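Following: one structure in structure tokens, then a few remarks.
The values are calculated or read from the model by the stated rules, or taken from the named source; none is laboratory data. Model, not experiment: these values are computed from the prediction. All Cβ positions, glycine included, derive from the backbone under ideal geometry; neighbour counts span all protein chains shown. Ligands, DNA and RNA are excluded from the accessible area calculation, which covers all protein heavy atoms including side chains. Shrake-Rupley method; radii C 1.70, N 1.55, O 1.52, S 1.80 Å.
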Amino acid sequence: MMLIKMREEFPRRVKALAFKRCCDEAGIPHCEGCGIVLVAGNVHYDHDMADGLGGEPTLANCKVLCIKTCHKEKTIYQDNPIMQKADRVLKKTYGVAKSRNPMPGSRDSKWKKKMNGMIVRR
């Protein structure tokens with residue numbers, strides 16, 4: 001039986017402290033990834049270590065990022081490949097995923113060997 005962990009969002013208190021941390025001396029918030037000035041609607045609180053990989057909803061694991069560039073790039077190029085590999089390994093461990101290259105003649109193969117020795121397509 002596989003246990004699925006529910007996604008944990010950051011509490012309001014953690015978000016407030018992270019937002020305060022990303023502000024400069026004048027109180028203007030900046031992206032912790034690229035440093036641009038953040039405006040309303042372009043703010044995302046992201047897990048530094050993905051939640052699905054054991055990242056906790058703590059201040060140390062929270063990054064304030066701009067949505068359009070930093071968050072999108074981190075999700076596409078860093079988080080998604082790692083999460084997809086973890087899913088593949090988990091499925092293979094529990095025997096859920098079929099092999100991409102099944103052994104020739106096995107049930108998962110597209111070829112079948114008949115009793116008379118002929119090899120035919122399934």
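A few comments on the model shown:
- MET115 being loosely packed, with under 13 Cβ neighbours inside 10 Å and not basic (Lys, Arg): yes
- Matching residues in the stretch 57-67 - criterion: being touching a Gly at 6+ places or on another chain (Cβ under 9 Å) and either more than 26 Å from LYS20 (Cα to Cα) or assigned to a helix (DSSP H, G or I) (or both): ASN61, ILE67
- Residue ID - farthest from the chain's Cα centre (by Cα), chosen from residues in the stretch 9-41 that are open to solvent by less than 70 Å² (accessible area, probe 1.4 Å) and of a type in the set (Asp, Glu): ASP24
- Residues of the stretch 68-95 satisfying the condition of being farther than 30 Å from LEU38 by Cβ, of a type in the set (A, V, I, L, M, F, W, C) and out of contact with any helix residue (DSSP H, G or I) (no Cβ under 8 Å at 6 or more places or on another chain): VAL89, LEU90
- Members of the stretch 102-112 that are in a loop (DSSP other than H, G, I, E, B) and of a type in the set (D, E, K, R): ARG107, ASP108, LYS110
Quick grid of which residues meet (1) assigned to a loop (DSSP other than H, G, I, E, B); (2) out of contact with any His (no Cβ under 9 Å at 6 or more places or on another chain); (3) open to solvent by 70 Å² or more (accessible area, probe 1.4 Å):
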{"residue": "ASP46", "(1), (2), (3)": "no, no, no"}
{"residue": "MET49", "(1), (2), (3)": "yes, yes, yes"}
{"residue": "GLY52", "(1), (2), (3)": "no, yes, no"}
{"residue": "GLY55", "(1), (2), (3)": "yes, no, no"}
{"residue": "THR69", "(1), (2), (3)": "no, yes, no"}
{"residue": "PRO81", "(1), (2), (3)": "no, yes, no"}
{"residue": "ARG88", "(1), (2), (3)": "no, yes, yes"}
{"residue": "VAL96", "(1), (2), (3)": "yes, yes, yes"}
{"residue": "ARG100", "(1), (2), (3)": "yes, yes, yes"}
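- Beta carbons closer than 9 Å, at least 6 apart along the sequence or on distinct chains, never pair a first residue in the stretch 21-44 that is over 9 Å from VAL64 (Cα atoms) with a second that is among the small types (Gly, Ala, Ser).
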